[in-house]
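Trainee: Handing you a structure now.
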Amino acid sequence: MKKFARCLSLAIAAAVLSVPVAAEVKNATKDEALAMIKKAVAHYKKVGKDKALADFSAKGGPFTDRDLYVYTADLTGKVTSHGANEKLLGRDLMQLKDADGKLFIVEILDKAKAGKTGWTDYKWVNPVSKDIEQKSAYCEPLDAQVICAGVYK
């Protein structure tokens with residue numbers, strides 16, 4: 001009887017442990033990124049630059065959602081907010097290359113300086129998976145800043 005109970009316990013434990021604990025987290029969509037940018041721009045205009053930049057960098061704040069977050073830079077390439085990596089604040093990323101050697105910040109800033117909004121593709125570390133993944137960021141110039149949010153593909 002003890003042997004049967006032990007086998008039954010092991011079978012139940014194996015069954016319980018084989019069931020996923022939580023559903024897989026879905027990546028944000030392009031529509032969600034566009035909505036995040038719209039919300040960020042409205043917030044910036046409402047509360048001003050300094051407060052908005054602090055809010056964009058706040059961990060767990062309204063400008064981060066799963067793998068989606070707002071980040072900003074001035075037009076020289078200096079990071080002024082980052083919702084996923086506070087270590088980037090204040091750093092000049094003008095010469096930063098992605099995993100394929102692409103100067104994606106230069107591309108983003110060239111569009112911003114021309115007053116253009118749009119998508120830029122590059123490879124970046126996903127804050128959820130910690131893997132380097134293909135990313136597409138939508139960026140919009142505002143004052144002397146560029147406000148971006150991107151999706152991992």
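The values are calculated or read from the model by the stated rules, or taken from the named source; none is laboratory data. Bear in mind the structure is a predicted one, so any value in this text is a computation, not a measurement. Here the Cβ positions follow ideal geometry from the backbone for every residue, glycine too, while neighbour counts run over all protein chains shown.
Trainee: Go through region 56-84 and give me each residue that's polar (S, T, N, Q) and out of contact with any helix residue (DSSP H, G or I) (no Cβ under 7 Å at 6 or more places or on another chain).
Mentor: Residues of region 56-84 polar (S, T, N, Q): 57, 64, 72, 76, 80-81.
Once the filter is applied, which keeps residues that are polar (S, T, N, Q) and out of contact with any helix residue (DSSP H, G or I) (no Cβ under 7 Å at 6 or more places or on another chain), region 56-84 yields T64, T76.
Trainee: Sticking with this one: Of all the residues that make up region 125-145, how many are under 10 Å from the mean Cα position of the chain (by Cα), among the hydrophobic types (A, V, I, L, M, F, W, C) and surrounded by fewer than 18 Cβ atoms within 10 Å (Cβ to Cβ)?
Mentor: The total comes to 2.
Trainee: Check A112, A149 and return the single one that is within 21 Å of K39 (Cβ to Cβ) and touching a residue at least 40 places away in the same chain (Cβ under 8 Å).
Mentor: On the way: A112 fails: touching a residue at least 40 places away in the same chain (Cβ under 8 Å).
So the residue among A112, A149 that is within 21 Å of K39 (Cβ to Cβ) and touching a residue at least 40 places away in the same chain (Cβ under 8 Å) is A149.
Trainee: Further question: Looking only at region 46-86, how many residues end up being of a type outside the set (S, T, Y), outside any loop (DSSP other than H, G, I, E, B) and either within 21 Å of I132 (Cβ to Cβ) or touching a residue at least 12 places away in the same chain (Cβ under 8 Å) (or both)?
Mentor: If we filter region 46-86 for residues that are of a type outside the set (S, T, Y), which is where we start, we get 46-56, 58-63, 65-68, 70, 73-75, 77-79, 82-86.
With outside any loop (DSSP other than H, G, I, E, B) added as a condition, the list becomes 46-47, 49-56, 65, 68, 70, 73-74, 78-79, 82, 86.
Next, from what is left, pick out any that are either within 21 Å of I132 (Cβ to Cβ) or touching a residue at least 12 places away in the same chain (Cβ under 8 Å) (or both): 49, 52-56, 65, 68, 70, 73-74, 78-79, 82, 86.
Qualifying residue count for the region: 15.
Trainee: Another one. Scan the strands (runs of 3 or more DSSP E) fully inside region 87-153 and keep the ones with 3 or more residues being at pLDDT 95 or above and within 21 Å of K45 (Cα to Cα). If you could, list the steps in order and put the result at the bottom.
Mentor: On the way: elements: 118-125, 132-142, 145-152.
Answer list for region 87-153: 132-142, 145-152.
Trainee: Can you report the number of residues in region 99-153 which are in contact with a helix residue (DSSP H, G or I) (Cβ under 9 Å, 6 or more places away or on another chain), of a type in the set (D, E) and within 17 Å of K30 (Cα to Cα)?
Mentor: 2
Trainee: Further question: Does region 33-47 hold any residues that are more than 17 Å from V146 (Cβ to Cβ) and exposed (fewer than 15 other Cβ atoms within 10 Å of the Cβ), and which are they? I'd like the intermediate steps shown before the answer.
Mentor: Start the filter on region 33-47 by keeping residues that are more than 17 Å from V146 (Cβ to Cβ), which leaves 35, 46-47.
Selection gives K46, V47.
Trainee: Scan region 61-75 residue by residue and report those that are buried (at least 22 other Cβ atoms within 10 Å of the Cβ) and either in contact with a Pro (Cβ under 9 Å, 6 or more places away or on another chain) or of a type in the set (S, T, N, Q) (or both).
Mentor: Y69, T72
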